[in-house]
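Accompanying notes for the structure given below.
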Amino acid sequence: MTRTLVLGGARSGKSAYAERLAAESGKEVVYIATATSGDEEMAARIAHHRAGRPHEWITVEEPLALGNQLLRWSSPDRLILVDCLTLWLNNLLFSGGQEYPDVGEIKLPALFHEQQDMLASALTKCASDIVLVSNEVGLGIMPMGAVSRCFMDEQGRLNQAVAAICDRAVFVAAGLPLVLKG
């Protein structure tokens with residue numbers, strides 16, 4: 001089974017590239033969507049993504065327990081597409097409903113590291129091909145505010161950990177894929 005991490009910035013074409021990989025696999029596709037609609041604009045984005053997916057794909061919406069879903073849908077005749085790790089990480093960061101200080105150390109919820117460990121374990125156990133989409137958020141300026149810097153750091157750590165497990169890593173910019181690994 002192959003594990004592929006597809007990285008890129010916002011509107012880089014990473015999701016479209018990942019969806020092409022899934023469609024070209026010839027396997028049954030399970031699409032795990034991690035987005036939640038916290039406002040009307042995000043709800044519209046989610047609806048747009050839903051409408052663009054092939055009808056035969058199985059869609060699973062899972063904001064937190066991603067590792068569990070990978071194992072639940074695990075099968076050698078499937079490809080699981082996860083879009084995206086960035087929103088999933090955001091969901092974990094704010095899962096406890098806590099507010100974060102503008103300065104000082106950020107205390108992450110217990111669920112944060114538990115779910116990341118479960119994801120790493122599931123990636124090694126899952127019998128399906130997997131394509132994971134994630135944002136590369138560390139290419140811009142240093143963000144203002146402790147929680148934004150914490151998110152950027154944690155996203156970078158997550159991307160590194162997932163890339164280490166994956167067979168392939170592809171960076172997409174302007175719709176063009178650049179193979180980094182595999």
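The values are calculated or read from the model by the stated rules, or taken from the named source; none is laboratory data. Fair warning: this is a prediction, and the values are worked out from it, not measured in the lab. Cβ atoms come from the backbone with ideal geometry, glycine included; neighbour counts cover every protein chain shown. With ligands, DNA and RNA removed, areas are computed over all heavy atoms of the protein, side chains included. Shrake-Rupley method; radii C 1.70, N 1.55, O 1.52, S 1.80 Å.
Yes or no: ALA174 modelled with pLDDT of 90 or more and more than 18 Å from the chain's Cα centre (by Cα)? If you could, list the steps in order and put the result at the bottom.
On the way: modelled with pLDDT of 90 or more: yes; more than 18 Å from the chain's Cα centre (by Cα): yes.
Judged against the criteria, ALA174 is a match.
Residues that are open to solvent by 50 Å² or more (accessible area, probe 1.4 Å) and of a type in the set (A, V, I, L, M, F, W, C): list the helices (runs of 4 or more DSSP H) wholly contained in the range 72-175 that include at least 2 such residues. Please lay out each step first, then the result.
Values: elements: 85-93, 110-125, 146-165.
Here the list reads 110-125, 146-165.
From the list ALA16, ALA65, pick out the single residue that is surrounded by fewer than 20 Cβ atoms within 10 Å (Cβ to Cβ), in contact (Cβ under 8 Å) with a residue 60 or more places away in the chain and under 26 Å from GLN160 (Cβ atoms). Before the answer, list the steps.
Numbers: ALA65 fails: in contact (Cβ under 8 Å) with a residue 60 or more places away in the chain.
Unique residue meeting the criteria: ALA16.
Just the residues that are over 26 Å from GLY175 (Cα atoms) and in contact with a Gly (Cβ under 6 Å, 6 or more places away or on another chain), please, taken from the range 117-142.
Correct list: MET118, LEU119, ALA122.
Is it the case that some residue within the range 40-53 is out of contact with any Asp or Glu (no Cβ under 8 Å at 6 or more places or on another chain) and in a loop (DSSP other than H, G, I, E, B)?
The answer is no; no qualifying residue exists.
I'm trying to understand the selection: among the residues of the range 48-59, which are at pLDDT 95 or above and either surrounded by 17 or more Cβ atoms within 10 Å (Cβ to Cβ) or charged (D, E, K, R) (or both)?
Scanning the range 48-59 gives a single hit, GLU56.
ALA23 - would you say it is open to solvent by 20 Å² or more (accessible area, probe 1.4 Å), closer than 22 Å to GLN155 by Cβ and among the hydrophobic types (A, V, I, L, M, F, W, C)?
Numbers: open to solvent by 20 Å² or more (accessible area, probe 1.4 Å): yes; closer than 22 Å to GLN155 by Cβ: no; among the hydrophobic types (A, V, I, L, M, F, W, C): yes.
In short, no.
Hey, does the range 22-31 have a residue that's closer than 22 Å to GLN160 by Cα and either at pLDDT below 95 or in a helix (DSSP H, G or I) (or both)? Lay out the reasoning, then the answer.
Going residue by residue through the range 22-31, those that are closer than 22 Å to GLN160 by Cα are none.
Looking for residues that are closer than 22 Å to GLN160 by Cα and either at pLDDT below 95 or in a helix (DSSP H, G or I) (or both), one finds none in the range 22-31, hence no.
Going by the structure shown, is LEU87 in contact (Cβ under 8 Å) with a residue 24 or more places away in the chain and out of contact with any Leu (no Cβ under 6 Å at 6 or more places or on another chain)?
Numbers: in contact (Cβ under 8 Å) with a residue 24 or more places away in the chain: yes; out of contact with any Leu (no Cβ under 6 Å at 6 or more places or on another chain): yes.
Criteria met by LEU87.
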